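> After the structure tokens below, expect a handful of questions from me.
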Amino acid sequence: MHLTDHSGLGDALWFELGEELGRFSINEFCLITCMKYVGSTHLRMVESRLISRYFSPLKGVSRENLELQMSNANFDNDDDAVKLSLVYIIFCIPLSNASSVKIDLKFFALADNLDAFNDFPWDVLSWEATRAAICNTVKNRMSPIRRPLKKNDKVHYSLPGFSHALLAWAYETLTHIASTFTTKNDQAISRMMSWTTADNVKFDEVLAAFTTVRESQPKCFILMPTEEELKNPWVAWLYSKNPTAVPQLPAHKSSVPRPSTDTNSEWREFQNEI
């Protein structure tokens, strides 16, 4: 399985699965995470009480600074502990990045209003960060100026954003991989909560499983919502734009499907309508 260049199809990422393509787009991302993905992400720059109280000597606050404050557990009250914990969770999981990267100070001001924080469309930022991270990782890996690996070098990849959503998508799409390394709880909500990876999975086992995908993988190009998921009005709207999701075959390679419309552009249109 590898990422293929279909940049003309909008923001969706396309992965070759044997002789077919699997789509990882805002639609799949939202089905997997179930976080809010509708609304404006614009935040006004206002002074943050949390910054003034706990990080005033610093010119910027990184996750590393936030971790230190959390470990010291030196808070004026429980409310401040909860608010800083929420910022910490957001930038450790759906918006993860290197611990030295500075966190936009506007998010600390947002955390001071818990209703606004909980209503913020985190999935929008998380999808954008995850998509950019995947593309940049592949681009850097394939860069002609990248230092050639020596015989004993190990390859390491850092994938900011919400990498667990990509893992859950792989389980949803690659049923052979999922059945080999996971167990599924069909009652769990959301989809990313449905999968439990087996302990002590070895890389060689995963690699061997991927070599058999071509022979065993049923055709599953685009994830479709269940009846229960369609009760969410935003999910229903997204998929009503492309209700059947039947791929069309491009002329240059008859075995590789592609969607008839760019649902990501329609999603942006929906964002503007809200």
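The values are calculated or read from the model by the stated rules, or taken from the named source; none is laboratory data. Keep in mind that what you see is a predicted model, and the values were worked out from it rather than measured. Ideal geometry is used to build each Cβ from the backbone, glycine not excepted, and the neighbour counts take in all protein chains shown.
> Please enumerate the residues belonging to the range 185-213 that are in contact with a strand residue (DSSP E or B) (Cβ under 8 Å, 6 or more places away or on another chain) and at pLDDT below 85.
Step one: filter the range 185-213 for residues in contact with a strand residue (DSSP E or B) (Cβ under 8 Å, 6 or more places away or on another chain), giving 185, 194-198, 213.
Answer for the range 185-213, where residues must be in contact with a strand residue (DSSP E or B) (Cβ under 8 Å, 6 or more places away or on another chain) and at pLDDT below 85: just Val213.
> Looking only at the range 56-69, which residues are of a type in the set (A, V, I, L, M) and either surrounded by 12 or more Cβ atoms within 10 Å (Cβ to Cβ) or part of a helix (DSSP H, G or I) (or both)? Lay out the reasoning, then the answer.
Initial filter on the range 56-69 (of a type in the set (A, V, I, L, M)): 58, 61, 66, 68.
Hits for the range 56-69 are Val61, Leu66, Leu68.
> Sticking with this structure for a sec: Being within 22 Å of Tyr54 (Cα to Cα), among the aromatic types (Phe, Trp, Tyr) and within 14 Å of the chain's Cα centre (by Cα), is that true of even one residue in the range 120-141? So that I can check it myself, show each step before the final result.
Narrowing the range 120-141 to residues within 22 Å of Tyr54 (Cα to Cα): none.
No, there is no match, as no residue in the range 120-141 is within 22 Å of Tyr54 (Cα to Cα), among the aromatic types (Phe, Trp, Tyr) and within 14 Å of the chain's Cα centre (by Cα).
> Looking at this structure, is Arg53 among the basic types (Lys, Arg) and not in a helix (DSSP H, G or I)? Talk me through it step by step, then tell me what you get.
On the way: among the basic types (Lys, Arg): yes; not in a helix (DSSP H, G or I): no.
No.
> Can I ask one more? State all residues of the range 225-252 that are small (Gly, Ala, Ser) and at pLDDT 70 or above; if no residue qualifies, say none.
Initial filter on the range 225-252 (small (Gly, Ala, Ser)): 236, 240, 245, 251.
Matches in the range 225-252: Ala236, Ser240.
> Further question on the same structure: Would you pick out the residues in the range 23-49 that are part of a helix (DSSP H, G or I) and either among the basic types (Lys, Arg) or assigned by TED's automatic domain parsing to the domain that holds Leu110 (or both)? Please lay out each step first, then the result.
Taking the range 23-49 as the starting set, the residues that turn out to be part of a helix (DSSP H, G or I) are 26-33, 49.
Result: Arg49, single match.
> Could I ask something else about it? Name the helices (runs of 4 or more DSSP H) wholly inside the range 70-147 in which the number of residues that are hydrophobic (A, V, I, L, M, F, W, C) and outside the structural domain of Lys59 (by TED's automatic domain parsing) is 3 or more.
Details: elements: 78-90, 106-111, 114-119, 122-141.
Fully inside the range 70-147 and qualifying: 122-141.
Conditions (1) farther than 30 Å from Ile222 by Cα; (2) of a type in the set (Ser, Thr, Tyr), marked per residue:
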residue	(1), (2)
Cys30	no, no
Thr33	no, yes
Ser62	yes, yes
Ile103	yes, no
Lys106	yes, no
